[in-house]
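The values are calculated or read from the model by the stated rules, or taken from the named source; none is laboratory data. Note that the coordinates shown come from a computational prediction; the quantities given were computed from them, not determined experimentally. With ideal geometry, Cβ positions are generated from the backbone for all residues, glycine too; neighbour counts draw on all protein chains shown.
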Amino acid sequence: MTELEKGPQGLRRGRGARERILSASHQLFRDQGINSTGLDQLCTVAQVSKRTFYQHFPGKDELIAEHLRRFDPDIAPEVFDRTDLTARERLLAVFDLHSPLCPFIAASVEISDPSHPARVQARDYKRAFAARLADTAREAGATEPEQLGEQLALLLDGVSARNRVLDTDTFATAATIAAVLVESAITPHHRD
């Protein structure tokens with residue numbers, strides 16, 4: 001039976017089931033939230049049975065954590081791994097990303113248990129993101145790179161949450177604030 005053939009209930013079967021589940025979770029979690037997404041709806045959108053779902057994930061908690069793991073596994077390589085930008089420019093280019101921050105904040109807001117696998121994944125991601133900022137700040141010549149990394153991470157999280165709540169784009173304002181922070185943190189002989 002090929003991946004596109006239909007099973008007895010009209011559901012798609014095959015190796016693509018896990019990816020369809022993850023794709024459906026990405027869409028549904030983004031559009032309506034984690035807690036508002038039920039397993040029945042998720043299975044319907046993914047075109048899988050509950051049995052198939054449970055063959056791939058022990059439960060919704062593990063799916064949420066995997067969803068977050070896959071969202072940005074390399075921590076913004078489209079900014080941090082760019083060789084055409086100086087370290088200072090990369091610190092500011094982070095404010096052009098917008099979306100990678102929201103799912104982690106949303107998961108942490110929606111899931112109250114700090115030991116939940118998704119909360120652990122969100123916490124690990126946020127720490128790793130701040131560490132990448134600090135490493136880049138160090139490369140840019142910041143006198144206190146960990147402090148600058150944490151300041152920029154806090155600013156990014158704040159603007160992400162504010163955009164989500166107000167449904168407006170305030171990243172340009174945050175980028176202006178970030179430029180001031182970066183400029184004041186970089187030693188004079190390292191400035192572009």
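Are any residues in region 55-107 among the small types (Gly, Ala, Ser) and either within 16 Å of LEU156 (Cα to Cα) or touching a helix residue (DSSP H, G or I) at 6+ places or on another chain (Cβ under 7 Å) (or both), and if so, which ones? Even if it seems obvious, please write down each step before you answer.
The initial filter retains those residues of region 55-107 that are among the small types (Gly, Ala, Ser), namely 59, 65, 76, 87, 93, 99, 106-107.
Within region 55-107, ALA65, ALA76, ALA87, ALA93, SER99, ALA106, ALA107 qualify.
Got a sec? Which of ASP124, ASP84, ASP61, ASP74 is over 23 Å from ARG162 (Cα atoms), of a type in the set (D, E, K, R), surrounded by fewer than 17 Cβ atoms within 10 Å (Cβ to Cβ) and under 12 Å from the mean Cα position of the chain (by Cα)? Steps first, answer last, please.
Values: ASP124 fails: over 23 Å from ARG162 (Cα atoms); ASP84 fails: under 12 Å from the mean Cα position of the chain (by Cα); ASP61 fails: under 12 Å from the mean Cα position of the chain (by Cα).
None of the other options fit; the residue is ASP74.
Just one of (1) at pLDDT below 90; (2) closer than 29 Å to LEU155 by Cα trips up ARG12, so point out which.
Against the list (1) at pLDDT below 90; (2) closer than 29 Å to LEU155 by Cα, ARG12 comes up short only on (2).
If I ask for residues that are in contact with a Lys or Arg (Cβ under 8 Å, 6 or more places away or on another chain) and hydrophobic (A, V, I, L, M, F, W, C), which ones from region 137-192 would you list?
Across region 137-192, the qualifying residues are ALA140, ALA153, VAL182, ILE186.
Answer yes or no: is there a residue in region 143-156 that is at negative phi, among the small types (Gly, Ala, Ser) and surrounded by fewer than 20 Cβ atoms within 10 Å (Cβ to Cβ). Walk me through how you get there before you give the answer.
Of region 143-156, the ones at negative phi are 143-156.
This time we only want the ones that are among the small types (Gly, Ala, Ser), so: 149, 153.
Checking the rest, the ones that are also surrounded by fewer than 20 Cβ atoms within 10 Å (Cβ to Cβ) come to none.
Checked region 143-156: no residue is at negative phi, among the small types (Gly, Ala, Ser) and surrounded by fewer than 20 Cβ atoms within 10 Å (Cβ to Cβ).
Can you tell me which residues in region 22-70 are part of a loop (DSSP other than H, G, I, E, B) and among the β-branched types (Val, Ile, Thr)? Spell out the reasoning first.
If we filter region 22-70 for residues that are part of a loop (DSSP other than H, G, I, E, B), which is where we start, we get 33-38, 47-49, 57-59.
Within region 22-70, ILE34, THR37, VAL48 meet the criteria.
Across region 158-192, which residue is surrounded by the most Cβ atoms within 10 Å (Cβ to Cβ) among those that are of a type in the set (D, E, K, R) and at pLDDT below 90?
Let us first name the residues in region 158-192 that are of a type in the set (D, E, K, R), namely 162, 164, 167, 169, 183, 191-192.
Going one step further and asking which of them are at pLDDT below 90, we end up with 162, 164, 167, 169, 191-192.
Numbers: ARG162: 16, ARG164: 14, ASP167: 7, ASP169: 12, ARG191: 11, ASP192: 9.
So, considering only residues that are of a type in the set (D, E, K, R) and at pLDDT below 90, the one surrounded by the most Cβ atoms within 10 Å (Cβ to Cβ) is ARG162.
Any chance region 144-161 includes a residue that's without any contact (Cβ under 8 Å) to a residue 24 or more places away in the chain, outside the structural domain of HIS26 (by TED's automatic domain parsing) and under 30 Å from GLY59 (Cα atoms)?
no
Show the residue pairs that are 6+ apart or on different chains and have beta-carbon atoms under 8 Å apart, the first residue being within region 55-80 and without any contact (Cβ under 8 Å) to a residue 24 or more places away in the chain, the second being of a type in the set (Lys, Arg).
Sorted first by the residue in region 55-80, then by its partner, the pairs are VAL79/ARG90.
Suppose we keep only residues that are β-branched (Val, Ile, Thr) and assigned to a helix (DSSP H, G or I) within region 128-180. Which one would you say is farthest from the chain's Cα centre (by Cα)? Talk me through it step by step, then tell me what you get.
Narrowing region 128-180 to residues β-branched (Val, Ile, Thr): 136, 143, 159, 165, 168, 170, 173, 176-177, 180.
After this cut, where a residue has to be assigned to a helix (DSSP H, G or I) as well, the list is 136, 159, 165, 173, 176-177, 180.
On the way: THR136: 19, VAL159: 14, VAL165: 17, THR173: 21, THR176: 23, ILE177: 22, VAL180: 25 Å.
Only one residue tops the list, namely VAL180.
For region 51-84, which positions are among the charged types (D, E, K, R), more than 14 Å from ALA118 (Cα to Cα) and at pLDDT 90 or above?
Correct list: ARG51, GLU78, ASP81, ARG82, ASP84.
Taking ALA87 and the conditions (1) at pLDDT 85 or above; (2) farther than 24 Å from GLU183 by Cβ, which numbered condition does it fall short on, given that it satisfies the others?
Tallying (1) at pLDDT 85 or above; (2) farther than 24 Å from GLU183 by Cβ, ALA87 fails exactly one: (2).
Taking the condition under 15 Å from the mean Cα position of the chain (by Cα) and either within 29 Å of LEU155 (Cα to Cα) or surrounded by fewer than 16 Cβ atoms within 10 Å (Cβ to Cβ) (or both), does SER36 pass? Before the answer, list the steps.
Values: under 15 Å from the mean Cα position of the chain (by Cα): no; either within 29 Å of LEU155 (Cα to Cα) or surrounded by fewer than 16 Cβ atoms within 10 Å (Cβ to Cβ) (or both): yes.
Here the answer is no, as SER36 does not meet what is asked.
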